Amino acid sequence: MTIGEQPAYLRVADDLRRQIVNGALPPHTRLPSQARIREEYGVSDTVALEARKVLMAEGLVEGRSGSGTYVRERPVPRRVARSAYRSSGSTPFRQEQAEAGVRGTWESRSEQFEAGPEIAERLAIKPGDRVMRTKYVFRDAGEAMMLSTSWEPLAITGRTPVMLPEEGPLGGCGVVERMAAIDVIVDNVAEEVGARPGLAEELLALGGVPGHGVLVVERTYFASGRPVETADVVMHADRYRVAYRLPVK
């Protein structure tokens, strides 16, 4: 192979990818077998297998037990809008659903938890300090679209009416309103967006298969520089795009 020349398995993957993108291999079509790829492209079994692995890793095809490998349906990505905080007495998810004219649903479960090193660093507390961890599953038309796990230091919310985010007089009102009720004034929000392979439990909840990527929005609320809540928001990378609209100051 000369310098700059693509390995054979990538050349095969490129051609099959082109056929998938232009519709020559439409969704739900069975991908050519390993033997057919070997014969059509004049490559070895190893090259044919590696080409199929590339397409599977990219999420373009999926294996079906006892049946073969098929082209996946390619969803049209949906935008999840993120903008400057709006004081409306609801969470960002509820705000987004209301603006889109959609009635989403969600489930949540809260429990006291000991902060591990990563969460402790994000909340500027010590590892082992108690936090309230709340896990959410957000649904749109019954389909799980987003997962979220939030952590709040019990040193701030413990033994107060807002200790449980989804219960009590301010249950579901959002971090800013809940914290204001105990005289903690949130004045800054930081979000960091990244991508990674989905964890098995995440993909099970979101309806994906092993190897699919997810977008992760790491969000932290601050009051006078002190973190008062941090959360990881997780969604399918090929189904959603995170769009930001920020004011110019």
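Tabulated data
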{"item": "Heavy-atom SASA rank of MET56, MET235 (probe 1.4 Å, accessible area, largest first)", "result": "MET56, MET235"}
{"item": "Gyration tensor over alpha-carbon atoms, the chain, equivalent ellipsoid semi-axes in Å", "result": "44, 19, 17"}
{"item": "Shape category assigned to segment 121-179 from the gyration tensor of Cα positions, a/c cut at 1.5", "result": "oblate"}
{"item": "Neighbour count of at most 12 Cβ within 10 Å plus DSSP loop: longest GluC sites (Glu not before Pro)-free window in the chain", "result": "74-249"}
{"item": "Whole-Hz ³J(HN,Hα) from phi, Karplus 6.51 cos²θ - 1.76 cosθ + 1.60, for segment 238-244, glycine and proline x", "result": "8, 10, 9, 10, 8, 10, 10"}
{"item": "Helix-only CD estimate at 222 nm, as mean residue ellipticity for the chain, using -39500 (n - 2.57) per DSSP H run (n ≥ 4)", "result": "-7500 deg cm²/dmol"}
{"item": "The chain, relative contact order [Cα under 8 Å, separation at least 6], %", "result": "17"}
{"item": "Under-5 Å amide H pairs with MET146, H placed in peptide plane, nonlocal only", "result": "PHE138"}
{"item": "Solvent exposure ordering (accessible area, 1.4 Å, most first) of ASP15, ASP187", "result": "ASP187, ASP15"}
{"item": "Heavy-atom accessible area order for TYR244, TYR221, largest first, 1.4 Å probe", "result": "TYR244, TYR221"}
{"item": "ALA181/ARG241 FRET efficiency (R0 41 Å; Cβ-Cβ; nearest 0.05)", "result": "0.75"}
{"item": "Mean Cα-pair separation over length for segment 103-249, i.e. relative contact order, pairs under 8 Å, 6 or more apart, %", "result": "21"}
{"item": "Three semi-axes of the equivalent ellipsoid, segment 170-249, Cα gyration tensor, whole Å, largest first", "result": "29, 16, 11"}
{"item": "Exposure of VAL76 as accessible area (Å², to 10), given a probe of 1.4 Å and all protein chains", "result": "130"}
{"item": "Centre separation in Å (Cα based) which lies between segment 6-50 and segment 192-243", "result": "32"}
{"item": "Area of VAL248 that stays accessible when all protein chains are in place (1.4 Å probe, Å², to 10)", "result": "140"}
{"item": "Residue-count net charge about GLY68 - beta-carbon cut-off 14 Å; Lys, Arg +1, Asp, Glu -1", "result": "+4"}
{"item": "Spin-label pair LEU204/VAL21, simplified geometry with 7 Å Cα→Cβ offset, distance in nm", "result": "3.5"}
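The values are calculated or read from the model by the stated rules, or taken from the named source; none is laboratory data. It should be emphasised that the depicted structure is a prediction, and the values quoted were computed from it without experimental measurement. Neighbour counts run over all protein chains shown; Cβ positions are idealised from the backbone, glycine included. Heads up: the accessible areas ignore ligands, DNA and RNA and are worked out on the full protein's heavy atoms, side chains in. Shrake-Rupley method; radii C 1.70, N 1.55, O 1.52, S 1.80 Å.
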